[in-house]
Amino acid sequence: MSADNAVHAAHGGNERRRGLSRLDLRRLGRAALLTTGGGRDRLPDAIEHIAKVHRGHHPRADLEALRRAYVLAESSHRGQMRKSGEPYITHPLAVTLILAELGAETTTLTASLLHDTVEDTDVTLDQVREEFGEEVCYLVDGVTKLEKVDYGAAAEPETFRKMLVATGNDVRVMSIKLADRLHNMRTLGVMRPDKQQRIARVTRDVLIPLAERLGVQALKTELEDLVFEILHPEEYAGARELILAHAALPDPLATTADAVRTVLRDAGLDAEVGIRSRHVLSVHRLRLKRGGELGGNDFGRLLVLVAEDADCYAVLGELHTCFTPVISEFKDFIAAPKFNLYQSLHTAIADADGAITEVLVRTRRMHRVAEAGVVALGNPYATATDTDRDAPDDADRDGERTDPTRPGWLSRLLEWQRDASDPDTFWTALRDELAQDREITVFSADGGTIGLPAGATCVDAAYVLRAEEGHACVGARVNSRLASMGTVLQDGDTLQLLTATGEGSGPSPEWLDHARTPAARIAITRWLAAHPARGDDEPQAPAVRPAPAHDASPAAEPVAVTDLPGAAVRLARCCTPVPPDAVTGFLIRGGTVAVHRAECPVVARMTSSGRAKQVVRWRTGVSSAGYRVTVRAEALGRPHLLADLTEAISAEGVGILAAAVEPPQEQRVRHTYTVELAEAGALPDLMRAMRRVPGVYDVYRTHYPVATASG
């Protein structure tokens, strides 16, 4: 195989693969309709190509289970059609081909062919178990959706929760789901535009981050381009035009690649050097970063493949000796792999004219894992005693199951989801968790280590290290120095938590402002709900701000009322309700009724703890002011974005009480604003105005307000 074929992931490559796949699938669809399962000694024509690709990765694979799975899937889906007009069997065939190209082992491919049978046909899990065994049955069950008839609006978040729990036991569940979503995204054009956008947003917020965490870069990059094309068609078209214009010119990277090949050959290093072109969204992000100007070298990077780890460093030495290195661009992900299994050396070199070329150096095995992530591990749970011929070379030899994702983000996610009882809390927390693209390592005083998302604080660490006992923490020592619970931790910090015991110990409401992980936020919210004397009284805000003494206007009247005689009313700051939100109330200390949005996580917590709801309703016919709302804007990072957003908010006559901007992650940024509206009806106009700001792709309300100086 040539170097270009081995390493090429071109921007045009995805388009060509999608085009070929559609042509192949039409042919396979016809084959599926014209042929039966055939004899046991012959594979059906429809899966010949899949078998060939699979044998390329696993020459000794036994394909009998694959044949039987196809026969069952084809007969079960017979007569069903996709919205595109193709026989339904083309979908599981396409999903299985995607996984086969990534190098998935036979069990995964078998389950992939069957992944929609239980959901969409009369086939039962018991049948799958009886014919294919417990392992295939588990994978099929893991990706089977929950029925909307049973779960209603909660079906989608609860289906993802089910898949994540199943992934905790077997990561191959999520591999099948990602391939399933990729093929659905490739064929999404037959859907209504609004449905395309809804599916694209879920893909962006949940599936793409999961693909990143599982290291399946080949799927992640194509999904990113497909989502980008649907949600931002104009920006997508602009980036595509740049790519096409560049492709019509001589590629300067080819000259650099030849020079690198010569240097490495003269040094006696056996290496393949190829050009790895940037995909469409990557080009768009780089254009924003560079202020709109891109050079010829910016449309791709060089990828050098070698045999052994030591060869990677030998290549690096030659590059830095024979070319001018850009030291600030050097990163060693071999000595310190990323949390998603990724390993590679990153560097950059400059030629005589000052043109900079980025270079990736890795072994061929590292490249397989970088492209396919956990899929490249074969059966990640195989042991030396297993008969599975697809067992990876580095399989666990002690007969115990190991976590191929390395404990960290997945175990943390599985831990907090148990406490997120209602779907809305789970869905919001999942998006927040997956928005954290980088992980840091913190060393505890007792010698252990914990993984946390970048930006995490001592509050977050307390609930990872101590779980429910995190409530008792009162402070910390970071690198032997006293620190508050809100201190942001850095990679490599040493942490010692300080605790207090007694009836008065417990988290303060301000901890919610410092919590970055769902586990911490959920635990704190639950504790505050269970301890209203301390919890509910402090975080509440008055329905309106006190009017000046000379102002006797009706603006001083409460905007919500309760049927409870003599009770005052306060709007909860945790969810900032405004008319016409559906609301409910709870009696707190001092005879006050706290008003929460109906979907606020606190409502579920208080109800489950036995607290009685109080009827509250919005007051009509009162001209009021002072509605606090927290809104979050998701955007592609660019210069002056903060100024443009604040100007858009101010132009709507809305006051900003507090704002927070999270560090950019892969050119994506998140701005959170707590604002005060003159009237509740102004909220939709405000959100529309924020969405019109260039680069902003989503605006939504959030439960967690930004901390204010007075709060």
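The values are calculated or read from the model by the stated rules, or taken from the named source; none is laboratory data. Quick caveat, the model's predicted, so the values are computed rather than measured. Counting neighbours? That spans all protein chains shown, and the Cβs are built from the backbone with ideal geometry, glycine included.
The table that follows gives values for the structure above.
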quantity	calculated
Residue that is surrounded by the fewest Cβ atoms within 10 Å (Cβ to Cβ), among those in segment 99-154 that are of a type in the set (V, I, T) and in contact with a Lys or Arg (Cβ under 6 Å, 6 or more places away or on another chain)	T108
Answer residue from segment 335-351, given it is among the hydrophobic types (A, V, I, L, M, F, W, C) and closer than 22 Å to G300 by Cβ and is surrounded by the fewest Cβ atoms within 10 Å (Cβ to Cβ) among those	A350
Qualifying residues in segment 303-348 (those that are assigned to a helix (DSSP H, G or I) and without any contact (Cβ under 8 Å) to a residue 24 or more places away in the chain) - the one farthest from D251 (Cα to Cα)	A310
Failed condition for T255, given (1) touching a Pro at 6+ places or on another chain (Cβ under 7 Å); (2) surrounded by fewer than 16 Cβ atoms within 10 Å (Cβ to Cβ); (3) among the polar types (S, T, N, Q)	(1)
Complete set of residues in segment 157-176 that are farther than 11 Å from T144 by Cβ and more than 16 Å from the chain's Cα centre (by Cα)	E158, N169, D170, R172
K289 within 30 Å of R161 (Cα to Cα) and among the basic types (K, R)	no
Selection from segment 461-500 of residues that are in a strand (DSSP E or B) and charged (D, E, K, R)	R477, R481
L146 being over 23 Å from A376 (Cα atoms) and either touching an Asp or Glu at 6+ places or on another chain (Cβ under 7 Å) or not assigned by TED's automatic domain parsing to the domain that holds R192 (or both)	yes
Tabulated pairs, segment 287-302, first under 12 Å from T256 (Cβ atoms), second at pLDDT below 85 and basic (K, R), C-beta under 8 angstrom, 6+ apart or interchain	none
Qualifying residue in segment 238-251 (condition: in a helix (DSSP H, G or I), closer than 27 Å to T363 by Cβ and in the same structural domain as A370 (by TED's automatic domain parsing))	no
Any hit, segment 644-661, residues being closer than 26 Å to G291 by Cα and assigned to a loop (DSSP other than H, G, I, E, B)	no
Of all residues making up segment 271-314, the number that are of a type in the set (A, V, I, L, M, F, W, C) and within 14 Å of A348 (Cβ to Cβ)	4
Residue within segment 126-138 that is part of a loop (DSSP other than H, G, I, E, B) and either more than 31 Å from the chain's Cα centre (by Cα) or in the same structural domain as H367 (by TED's automatic domain parsing) (or both) present	yes
Selected residue [in contact with a helix residue (DSSP H, G or I) (Cβ under 8 Å, 6 or more places away or on another chain), of a type in the set (V, I, T), assigned to a helix (DSSP H, G or I) and within 30 Å of A352 (Cβ to Cβ)] from V206, V227, V260, V273	V260
Single condition E119 does not satisfy, out of (1) within 27 Å of A376 (Cβ to Cβ); (2) in a helix (DSSP H, G or I); (3) under 29 Å from the mean Cα position of the chain (by Cα)	(1)
Number of positions in segment 581-594 that are in contact with a Leu (Cβ under 9 Å, 6 or more places away or on another chain) and either assigned to a helix (DSSP H, G or I) or touching a residue at least 40 places away in the same chain (Cβ under 8 Å) (or both)	1
